[in-house]
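K.L.:
Below is one structure. I have some questions about it.
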Amino acid sequence: MNILCDKSKLIEGINIVLKAVPGKSTMAILECIVIDVKENTIKLIANDLQLGIETTIEGNIIEEGSVAVNAKIFSDIIRKLPSDDVKITVDENYTIFIECGKAKFNIAAKSTEEFPFLPSIIKDNNIQISQFTLKDIIRQTVFSISDNENTKVMTGELFEVNGSTLKVVSLDGHRISIRKVDLKKEYEKISVIIPGKTLIEISKILNGGLDDEVNIFFTDKHVLFEFDNTVVLSRLIEGEYYKIDKMLSTDYETKITVNKKEMLECIDRTTLLLKESDKKPVIIDIKDNSMGFAMNSSVGSMAEEIDAEKEGKDILIGFNPRFLIDALRVIDEEEITLYMINPKAPCFIRDKDETYIYLILPVNFNA
C-alpha cells in the first residue's frame, strides 16, 4: 500500500473513526483503525462490534492495499507531524512507514483478516432528515437517557416514525424528554431503540448544516447513518420501550409562563449552595405574578423571585435542580410554559404544538 494525504484531511478522518475505537478490548484488533485502499478510494474504518464507523478521505493512491494499525499510536503520530502531505507505505510484513516533511516513523501493524468490517445491510426502510435537525433533536433529548445498564432500553432513545412525523423519546425513571419534528414526506411506520452512545457520537460528527441531509436506514438489528463521506452503523437495543402515553397528561391545576433565561439563571444560582453529594431540592413557590426559588443546604440558604404569569392555583413544589437545568438549557424559546397538578404529580414543560415535552417528577421536601 502506498498513499499520499494532506495531514489535515487525514486527522479529520481519524477523529471521526476514533469514536468507534474502544478504550480497552480483549480483542486487540478492535483497538485498530483499518486503512483500506481500493477502487480509487481511501477508507478509514473502526468497529467495536456495537458501533462501526467508515469514512472516506481524499488522497493520492499510488498502490492499493489494506492494513490495521493501533488507533492510539497512529493518531498520536499523525497529530504531531508537521503540517504537510503525509506519505504512508506498507510493506509485505505489515510495517507502516510514515513520512512527513523531515519526520519519518515506522511502526508494526497487522493484517486486516481478523478485523470485523461493517456488514452490508439491505437499504429498504429509511428516512431522510437534515443534519441540523438531527443534531438538534439529539441535543434536546439525549441528556435524559439512563446510564444504568440494568435497564437497557433506558440507555437508548426511541425513534418512532408515523407518516411524516418523527418522534424521539428518552427517559431515565425521573424524567422524560420528547421531541417531534415534521419530515419532508410520508414514510412507513418505524419504531426502534437507538443506543444513546451512538447518538452522542453521531452528534459530534455531524456538521449541522441545514441543507446537508442524513439518510437513516433501519433493519431489525441495525441502524445505518449515511452523510457526507461517512457511514455509521450501530446495533439497535432489543426490547419493548415503555408506554409513555399513559404518563402524559394535559390536565393541570397550575399553569405558569415565565422567561426561560431568568428561570434558568435563578435555578443555576441555587446550585451554588450544593456540595457534590447533596440531593437538596430547589423549592419553587408559585403565587400570583411571581415564581419564587429557595434553597436550604448545609452550606447556607438563598431565596429569589422572578416575574411570571400564573393561571390557576398557587403551588409549592420541589425539584432536583439539575433536572430542571438540563431541560431549560436545551429549549430555544424565550418564554416557556410549565403545567402542574399538585406537589406530588409530574411537571410538564411544553410548547403549544407539543413539538417538545419535558416531564419532570417532583421530590418530597419539608416545607
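The values are calculated or read from the model by the stated rules, or taken from the named source; none is laboratory data. Just so it is clear, the model here is predicted, and its values are computed rather than measured. Cβ placement follows ideal geometry from the backbone for every residue including glycine, while neighbour counts extend to all protein chains displayed. For the accessible areas, the whole protein counts, side chains as well, though only heavy atoms, and no ligand, DNA or RNA atoms are used. Shrake-Rupley method; radii C 1.70, N 1.55, O 1.52, S 1.80 Å.
K.L.:
Probe radius 1.4 Å, ligands and nucleic acids ignored: give me the carbon and sulfur share of the accessible area of region 124-281 as a rounded percent. List each step's numbers first, then the result.
P.N.:
Details: 3540 of 7930 Å².
With neighbouring chains kept in place, the figure for region 124-281 is 45 percent.
K.L.:
For region 299-367, max minus min Cα coordinate along each principal axis, in Å, sorted largest first?
P.N.:
Rounded to whole Å, the extents work out to 38, 26, 23 Å.
K.L.:
In degrees between 0 and 90, to the nearest 10, how far off the longest principal axis of the chain does helix 196-205 point, with axes built from Cα atoms?
P.N.:
70
K.L.:
Still on this structure, please answer the following. Give me the net charge for the shell around Ile29: Cβ to Cβ below 15 angstrom, other residues only, Lys and Arg +1, Asp and Glu -1.
P.N.:
Numbers: positive: Lys24, Lys72, Lys110; negative: Glu31, Asp36, Asp48, Glu113, Glu114.
Counting the neighbours of Ile29, the net charge comes to -2.
K.L.:
Averaging the inverse of every distinct alpha carbon separation and then flipping it gives the Kirkwood radius. What is it for region 108-260, in angstrom units? The partial results should precede the final answer.
P.N.:
On the way: mean 1/r = 0.0588 Å⁻¹.
After inverting the pairwise mean of 1/r, the radius is 17.0 Å.
K.L.:
Want the number for Asp147 to Gln50: 0.36 nm per residue separation, take away the alpha-carbon distance, what's left?
P.N.:
Values: separation 97, 0.36 × 97 = 34.92 nm, distance 1.63 nm.
In short, 33.3 nm is gained.
K.L.:
Averaged over all directions, how much area does the convex hull of the C-alpha atoms of region 76-175 cover when projected, in nm²? Write out the running numbers ahead of the final one.
P.N.:
Numbers: hull surface 47.8 nm².
With every direction weighted equally, the projected area is 11.9 nm².
K.L.:
Given the alpha-carbon gyration tensor of region 32-98, what are the semi-axes of its equivalent ellipsoid in whole angstrom, ordered largest first, with each equal to the square root of 5 times an eigenvalue? Could the numbers behind the result be given before it?
P.N.:
Numbers: eigenvalues 65, 49, 34 Å².
Equivalent ellipsoid of region 32-98: 18, 16, 13 Å, largest first.
K.L.:
Rounded to a whole number, what % of the accessible area of region 24-67 do carbon and sulfur atoms account for, probe 1.4 Å?
P.N.:
On the way: 930 of 2110 Å².
Carbon-and-sulfur percentage of accessible area, whole number: 44.
K.L.:
For region 160-205, just run the numbers: alpha carbon Rg, then divide by 2.2 N^0.38 Å, N being how many residues it has.
P.N.:
Details: Rg = 12.1 Å, N = 46, 2.2 N^0.38 = 9.4 Å.
Compared with the compact-globule rule of thumb, region 160-205 sits at 1.29.
K.L.:
Solvent-accessible area per residue for the chain at a 1.4 Å probe radius, Å²? Could you put the intermediate results ahead of the total?
P.N.:
Values: 18680 Å² over 367 residues.
Result: 51 Å² of accessible area for each residue.
K.L.:
Enumerate the lysines that Lys255 could reach by cross-link, defined here as Cα to Cα under 16 Å, with residues fewer than 8 away along the same chain left out.
P.N.:
Within the straight-line limit of under 16 Å, Lys255 reaches these lysines: Lys287, Lys310, Lys313, Lys344, Lys352.
K.L.:
Could you give the nm distance between label points at Thr26 and Thr250, where each point is 7 Å from its Cα heading toward the beta carbon?
P.N.:
5.3
K.L.:
Okay, next question. So how tilted is helix 260-270 from the main axis of the chain? Cα-based, degrees 0 to 90, rounded to 10.
P.N.:
It is inclined by approximately 90 degrees.
K.L.:
Assuming a ≥ b ≥ c are the square roots of the Cα gyration tensor eigenvalues, decide whether region 189-275 counts as rounded (a/c under 1.5), prolate (otherwise, with a/b larger than b/c) or oblate. Please report the intermediate quantities before stating the final value.
P.N.:
Details: a/c = 2.28, a/b = 1.57, b/c = 1.45.
Because a/c hits 1.5 or more and a/b exceeds b/c, region 189-275 counts as prolate.
K.L.:
Based on alpha-carbon atoms only, what is the radius of gyration of the chain relative to the globular estimate 2.2 N^0.38 Å? Can you show the working numbers first?
P.N.:
Details: Rg = 25.0 Å, N = 367, 2.2 N^0.38 = 20.7 Å.
Compactness ratio reported: 1.20.
K.L.:
Report ³J(HN,Hα) in whole Hz for each residue of region 11-18, in order, from the Karplus equation J = 6.51 cos²θ - 1.76 cosθ + 1.60 where θ = phi - 60°; Gly and Pro get x.
P.N.:
With coefficients 6.51, -1.76 and 1.60, one gets 4, 4, x, 4, 4, 5, 6, 4 Hz.
K.L.:
Within the P(r) computed for region 1-121, what percentage of the Cα pairs occupies the region above 21 Å?
P.N.:
Details: 2189 of 7260 pairs.
Percent of Cα pairs beyond 21 Å in region 1-121: 30.
K.L.:
Quick check on the chain: helices-only [θ] at 222 nm, where DSSP H runs of length 4 and up contribute -39,500 (n - 2.57) each and the sum goes over total residues. Nearest 500, please.
P.N.:
Details: 6 runs with 60 residues, N = 367.
Estimated from H runs of four or more residues: -5000 deg cm²/dmol.
K.L.:
Can you tell me the orientation of helix 321-330 relative to the chain, as the angle in degrees between its alpha-carbon axis and the longest Cα principal axis, to the nearest 10?
P.N.:
Between helix and principal axis, roughly 60 degrees.
K.L.:
Oh, and also: Residues of region 198-235 with backbone nitrogen within less than 14 Å of a virtual label 7 Å along the Cα-to-Cβ line of Glu58, please, listed as ranges.
P.N.:
From region 198-235, the list is 229.
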